[in-house]
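Q: To start, I am sharing the structure in question, which I have written as structure tokens.
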Amino acid sequence: MYEQTSHALLNRILDRLKPEFRKRDLRYFYTRLGANFYAIHSLFKQLYGQRDNFETQMVRLVEVLAQNYIERNKRYKKQDMQREQQPDWFLDQRWVGMALYANAFAGNLAGVNEKLPHLEELGVNLVHVMPILKCPPGASDGGYAVSDFRDIDERAGTLDDLRELGKALRKRNMLLTLDVVLNHTSDQHEWAQRARAGEAQYQDYYFMYPDREIPDRFEAAMPEVFPETSPGNFTWDESTGKWVMTVFNHYQWDLNYRNPAVLIEMLDIILFWANQGADVLRLDAVAFLWKNIGTACQNEREAHVILQLLKDCCQVTAPGVLFIAEAIVAPVEINKYFGEDAVIAKECEIAYNATLMALLWDAVATRNAKLLNEGIQNLPAKLDGATWLNYVRCHDDIGLGFDDADIECAGYDPRSHRSFLVDWFTGAHDVSPARGRPFGKNERTGDARIAGSLASLAGLEAALEYGDNDEIHRRIRLVLTLHGIILSFGGIPLLYYGDEVGTLNDYGFLEDATKAGDSRWLHRPTLDWQQVMRRNARNSPEQRIFDGLGHMIEVRKQTPAFADFNNRELLRCSNPHLFLYLRSALSDEHSPVLVAANFDAEAQQLSLADLDTPAWLANEGARELLSKRVIEPGQGHLDIPAFGLLWLARPG
Ligand code: GLC
């Protein structure tokens, strides 16, 4: 958009740019900068307009954009232009992701490279390599306490190893996702060290206070993220004699985005990793980016302004790169991370669907879809040009952030329902086969979350222990059904490493003092490849899960109705154990698909008289896509096995 003030400023900035920029061919850069500059200027002004050095900071920002554009490799520039031609490329059903720790999955980055055939065989073509940047030895929150944003931790490998991995992924048409930890640094980061040494410039990068006055005012409204291991939101720093804001662990110092230098540094880092070949950047903990006294310091309006600004800037330099919002927030808040536009994502193109994840676990514990139906019905519709990252498990805990109103509509009392769920998954409930542990128990508020591997939470660990074959079979089916939902729901499914072979809890973390206090390590296993390779042994649980999953992935990729074009309709029926939705077809050549999942441990019937849509099911019958079974027309009901899943397409 053309607007005089920002345009005049842009011309002044271009005049002030370093002479070396003027010698370069920056044609595409300038067209995109011109298109986004009005937005960039007004967003930057909202945050920093009061500062005396506003214009100097704007010049610096544009220099960072130009410098990174110059450094961007030709191949990625070409890819940016190709993606511009087809901006909804990531909504396609062909994408299937997996998140993994390089070390725990395969020793290091070079090991991941060697294991790509395993991922390819499964059908995974988007690899989220979890944090690999330099972090201190000992506790580092699983790599989320970064001490150098531009270097790879030697335990994971080198920048060259990452480049090799990027190359190998591209050859196989696979995408690379990397983390950028925007909210905080390790206390060992150079900026923190210089702040500690008394440099005012770097103390301004953080929130540091000589006494408790401001910290206490913040604390009054801030919840605690890690109440057991890191209570409170401030840590006393002996060397400066100051309280430092540390919302997560005491060694993770929160960055202060009220300082424009911080925003520009982090933008530079985002573009650096885009230039290392990342197709997608997972922006960590984005809900926390801005802090206002008197608020929970999450989901603040300014956090969204920062994300819009980062997106607008990234579009100028590396427009083909997507952002994932890691915002594990209430359903009413999550959509805002796509940005407030009618169609396209103005903040992040992809957001973690923590709502679906937690609701799926509710359905597992209650064996019914009552709350799942309420929650999904009230999940606000996403933008056309954005999509969900759907997952069952990830490296973090399961938080029970459902809406109280939804819990009540499902017929439960919110407080006692949440404590039932924690009890169910952590072994305090007599009849539960789940083997999880509590995480983040807050004695003051009574809140708790849940840790544990997918297979152990789904009851496979207990079934294997009892050696009960029928039960093992049922629990494997549950593992597959949960995956079958994220594969058909609409969005990019993100598997979690190890779950493809039903990896159980890893209790080894209890022996390591730097991990023992954080039960999330229960589900961050070091893969035992001998066990993984049992996927080749006929009828082993590993084989049944791996092949079942591989088959579902293959069918997903051939089913256009599973692409994400806002084509999902939730269907209700009178059987509370069933979860149903229809994925409508995008064109006449393709079939719509009815997804039906049974959360009960007994087989259930879906009465067709119950459903007015889709009419074809009763009139024409169906093809079940996974088993290829043909369902004749005119049946009164369909049988769905215990924990079973059907993908029903129109015959023909
Ligand atoms: C994100 C990560 C989590 C980490 C936190 C702080 O939520 O997923 O593992 O503890 O950020 O960096």
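Q: Report yes if some residue within segment 373-389 is under 24 Å from Phe90 (Cα atoms), part of a helix (DSSP H, G or I) and away from the ligand (no atom under 16 Å from the Cβ); otherwise report no. Give the derivation first.
A: Step one: filter segment 373-389 for residues under 24 Å from Phe90 (Cα atoms), giving 376, 379-389.
Filter once more, keeping what is part of a helix (DSSP H, G or I): 376.
With away from the ligand (no atom under 16 Å from the Cβ) added as a condition, the list becomes 376.
Scanning segment 373-389, I find at least one residue that is under 24 Å from Phe90 (Cα atoms), part of a helix (DSSP H, G or I) and away from the ligand (no atom under 16 Å from the Cβ), so the answer is yes.
Q: Moving to a separate point now. Would you call Asp413 modelled with pLDDT of 95 or more, of a type in the set (Asp, Glu), farther than 30 Å from Ala516 by Cβ and open to solvent by 50 Å² or more (accessible area, probe 1.4 Å)?
A: yes
Q: Quickly run through segment 390-426 and pick out the residues that are outside any helix (DSSP H, G or I), among the hydroxyl-bearing types (Ser, Thr, Tyr) and either away from the ligand (no atom under 16 Å from the Cβ) or free of Cβ contacts under 8 Å to residues at least 60 places away in the same chain (or both).
A: Of everything in segment 390-426, just one residue is outside any helix (DSSP H, G or I), among the hydroxyl-bearing types (Ser, Thr, Tyr) and either away from the ligand (no atom under 16 Å from the Cβ) or free of Cβ contacts under 8 Å to residues at least 60 places away in the same chain (or both), namely Tyr412.
Q: How many residues does segment 543-575 contain that are under 17 Å from Glu120 (Cα atoms) and either touching a strand residue (DSSP E or B) at 6+ places or on another chain (Cβ under 6 Å) or without any contact (Cβ under 8 Å) to a residue 60 or more places away in the chain (or both)? Walk me through how you get there before you give the answer.
A: Here is the first cut: in segment 543-575, the ones under 17 Å from Glu120 (Cα atoms) are 543, 545-558.
In the following step, the residues that additionally are either touching a strand residue (DSSP E or B) at 6+ places or on another chain (Cβ under 6 Å) or without any contact (Cβ under 8 Å) to a residue 60 or more places away in the chain (or both) were identified as 543, 547, 558.
The number of residues fulfilling the criteria is 3.
Q: Here are Glu300, Glu326, Glu340: which of them is under 22 Å from Pro260 (Cβ atoms) and not aromatic (Phe, Trp, Tyr)?
A: The unique qualifying residue is Glu300.
Q: I would also like to ask the following. Among the residues that make up segment 355-362, is at least one of them within 16 Å of the ligand (Cβ to nearest atom), of a type in the set (S, T, N, Q) and at pLDDT 95 or above?
A: yes
Q: To continue, here is another question. Can you confirm whether segment 519-539 contains a residue that is within 16 Å of the ligand (Cβ to nearest atom), open to solvent by 40 Å² or more (accessible area, probe 1.4 Å) and in contact with a helix residue (DSSP H, G or I) (Cβ under 6 Å, 6 or more places away or on another chain)?
A: Yes: segment 519-539 contains one or more residues that are within 16 Å of the ligand (Cβ to nearest atom), open to solvent by 40 Å² or more (accessible area, probe 1.4 Å) and in contact with a helix residue (DSSP H, G or I) (Cβ under 6 Å, 6 or more places away or on another chain).
Q: Right, next: Among (1) away from the ligand (no atom under 16 Å from the Cβ); (2) under 20 Å from the mean Cα position of the chain (by Cα); (3) open to solvent by 20 Å² or more (accessible area, probe 1.4 Å), which single condition is Asp468 missing?
A: Only one criterion is unmet by Asp468, namely (2).
Q: Then there is this: Which of the residues spanning segment 281-340 are surrounded by 23 or more Cβ atoms within 10 Å (Cβ to Cβ), in contact (Cβ under 8 Å) with a residue 60 or more places away in the chain and among the hydroxyl-bearing types (Ser, Thr, Tyr)?
A: Thr317
Q: Checking Arg32 against (1) open to solvent by 10 Å² or more (accessible area, probe 1.4 Å); (2) more than 20 Å from Leu17 (Cα to Cα); (3) in contact with a Pro (Cβ under 9 Å, 6 or more places away or on another chain), which test does it fail?
A: Failed condition: (2).
Q: For the list (1) in contact with a helix residue (DSSP H, G or I) (Cβ under 7 Å, 6 or more places away or on another chain); (2) farther than 22 Å from His118 by Cα, I need the number of the one condition that Gly490 fails.
A: (1)
Q: So, in segment 138-161, of the ones that are in contact with a Lys or Arg (Cβ under 9 Å, 6 or more places away or on another chain) and more than 19 Å from Arg282 (Cα to Cα), which residue ends up modelled with the lowest pLDDT?
A: Filtering first and then ranking leaves Ala139.
Q: Right, another one. Quick one: which of Asp216, Asp187, Asp179, Asp204 is in contact with a helix residue (DSSP H, G or I) (Cβ under 9 Å, 6 or more places away or on another chain), of a type in the set (Asp, Glu) and more than 15 Å from the ligand (Cβ to nearest atom)?
A: Answer to the selection: Asp204.
Q: Given the condition in a helix (DSSP H, G or I), open to solvent by 10 Å² or more (accessible area, probe 1.4 Å) and hydroxyl-bearing (Ser, Thr, Tyr), answer yes or no: does some residue in segment 352-367 qualify?
A: The answer is yes; a qualifying residue exists.
Q: Does Leu65 satisfy the criteria of being open to solvent by 10 Å² or more (accessible area, probe 1.4 Å) and closer than 20 Å to Gln308 by Cβ? Before the answer, list the steps.
A: On the way: open to solvent by 10 Å² or more (accessible area, probe 1.4 Å): no; closer than 20 Å to Gln308 by Cβ: yes.
No; evaluated as a whole, the condition is false for this residue.
Q: Mind listing just one residue for me: the one in segment 238-252 that is within 14 Å of Val225 (Cα to Cα) and open to solvent by less than 10 Å² (accessible area, probe 1.4 Å) and, of those, farthest from the ligand (Cβ to nearest atom)?
A: Let us first name the residues in segment 238-252 that are within 14 Å of Val225 (Cα to Cα), namely 245-252.
Those left that are additionally open to solvent by less than 10 Å² (accessible area, probe 1.4 Å): 245-247, 252.
Numbers: Met245: 13, Thr246: 11, Val247: 8, Gln252: 6 Å.
For segment 238-252, the residue satisfying everything is Met245.
Q: Check every one of the helices (runs of 4 or more DSSP H) wholly within segment 72-166 and list those with 2 or more residues that are out of contact with any helix residue (DSSP H, G or I) (no Cβ under 7 Å at 6 or more places or on another chain) and open to solvent by 10 Å² or more (accessible area, probe 1.4 Å).
A: Qualifying helices (runs of 4 or more DSSP H): 74-85, 102-106, 116-122.
Q: Please verify whether Val321 is within 24 Å of the chain's Cα centre (by Cα) and either small (Gly, Ala, Ser) or within 16 Å of the ligand (Cβ to nearest atom) (or both), treating the condition exactly as stated.
A: Against the criterion (within 24 Å of the chain's Cα centre (by Cα) and either small (Gly, Ala, Ser) or within 16 Å of the ligand (Cβ to nearest atom) (or both)), Val321 does not qualify.
Q: Counting only residues that are over 29 Å from the mean Cα position of the chain (by Cα), give me the strands (runs of 3 or more DSSP E) lying completely in segment 167-260 with at least 2 of them.
A: In segment 167-260, 234-237, 242-245 are the strands (runs of 3 or more DSSP E) which contain 2 or more residues that are over 29 Å from the mean Cα position of the chain (by Cα).
Q: Please identify the pairs in which a residue from segment 180-200 that is on the phi > 0 side of the Ramachandran plot has its Cβ atom under 9 Å from the Cβ atom of a residue that is more than 16 Å from the ligand (Cβ to nearest atom) and open to solvent by 20 Å² or more (accessible area, probe 1.4 Å), counting only partners at least 6 apart or on another chain.
A: Gly198/Ser239; Gly198/Thr240
Q: When you check Asp406 against the structure, is it open to solvent by less than 50 Å² (accessible area, probe 1.4 Å), of a type in the set (Asp, Glu) and either closer than 21 Å to Ile376 by Cβ or out of contact with any Lys or Arg (no Cβ under 8 Å at 6 or more places or on another chain) (or both), yes or no?
A: For Asp406, the condition - open to solvent by less than 50 Å² (accessible area, probe 1.4 Å), of a type in the set (Asp, Glu) and either closer than 21 Å to Ile376 by Cβ or out of contact with any Lys or Arg (no Cβ under 8 Å at 6 or more places or on another chain) (or both) - is met.
Q: May I pose another question? Give the residue, chosen from Pro493, Pro438, that is open to solvent by less than 10 Å² (accessible area, probe 1.4 Å) and either more than 20 Å from the chain's Cα centre (by Cα) or at pLDDT 95 or above (or both).
A: Sole residue among the options that is open to solvent by less than 10 Å² (accessible area, probe 1.4 Å) and either more than 20 Å from the chain's Cα centre (by Cα) or at pLDDT 95 or above (or both): Pro493.
Q: Applying the selection to segment 496-515, what residues are within 16 Å of the ligand (Cβ to nearest atom) and either out of contact with any strand residue (DSSP E or B) (no Cβ under 9 Å at 6 or more places or on another chain) or modelled with pLDDT under 95 (or both)? Break it down into steps so the answer makes sense when it comes.
A: Just the residues of segment 496-515 that are within 16 Å of the ligand (Cβ to nearest atom), to begin with: 496-497, 509, 514-515.
Once the filter is applied, which keeps residues that are within 16 Å of the ligand (Cβ to nearest atom) and either out of contact with any strand residue (DSSP E or B) (no Cβ under 9 Å at 6 or more places or on another chain) or modelled with pLDDT under 95 (or both), segment 496-515 yields Phe509, Thr514, Lys515.
Q: Also, quick follow-up: All but one of (1) closer than 30 Å to Ile553 by Cα; (2) outside any loop (DSSP other than H, G, I, E, B); (3) in contact with a strand residue (DSSP E or B) (Cβ under 8 Å, 6 or more places away or on another chain) hold for Pro438, so report the exception by its number.
A: Pro438 satisfies all of (1) closer than 30 Å to Ile553 by Cα; (2) outside any loop (DSSP other than H, G, I, E, B); (3) in contact with a strand residue (DSSP E or B) (Cβ under 8 Å, 6 or more places away or on another chain) except (1).
Q: Given the conditions (1) open to solvent by 10 Å² or more (accessible area, probe 1.4 Å); (2) part of a helix (DSSP H, G or I), which single one is not true for Ala463?
A: (1)
The values are calculated or read from the model by the stated rules, or taken from the named source; none is laboratory data. The shown structure was predicted, so the numbers you read here are calculated from the model rather than taken from an experiment. Glycine also receives a Cβ, built like all others from the backbone with ideal geometry; neighbour counts cover every protein chain displayed. Ligands, DNA and RNA are stripped out before the accessible areas are found, and what is left, the full protein with its side chains, is counted by its heavy atoms. Shrake-Rupley method; radii C 1.70, N 1.55, O 1.52, S 1.80 Å.
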